[in-house]
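Bear in mind these aren't lab numbers, they're just calculated from the coordinates by the rules spelled out. Given the structure is predicted, the values throughout are model-derived calculations rather than measurements. As a convention, Cβ positions derive from the backbone with ideal geometry for all residues, glycine included, and neighbour counts pool all protein chains shown.
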Amino acid sequence: MERFEYEVTLHPAERFTQLVYFCTSEGDCALKNVPQDQINILKGMLNEKGAQGWEIVNLFPGKDGLMVLWKRRKRDI
């Protein structure tokens with residue numbers, strides 16, 4: 001049976017000052033004018049964890065930053 005371990009990481013808003021998406025009252029969401037340096041910060045974070053074997057499960061943006069849920073196959077001991 002395959003087993004997984006999970007990790008939750010928090011990333012403060014100061015790191016992502018312009019990585020914002022906007023949602024309408026109807027619930028339609030879109031990225032608006034995200035600068036390349038902000039995309040590179042997020043890409044670097046994802047690649048760093050990916051190199052350690054972690055796969056992103058979900059990313060939750062909020063006013064204080066991002067919370068990211070990760071999983072990877074549990075290593076046999």
>> Tell me the net charge near ASN58. Cut-off is 14 Å between Cβ atoms, ASN58 excluded, with +1 for each Lys or Arg and -1 for each Asp or Glu.
In response: 0
> If each of MET67 and GLU48 carries a label point 7 Å out from its Cα toward its Cβ, how far apart are those two points in nm?
Replying inline: 2.1 nm
> What FRET efficiency comes out for the pair PHE60/ARG15, r = Cβ-Cβ distance, R0 = 22 Å, nearest 0.05?
Replying inline: 0.90
> Counting Lys and Arg as +1 and Asp and Glu as -1, what is the net charge of the other residues whose Cβ lies under 14 Å from the Cβ of TRP70?
Replying inline: +1
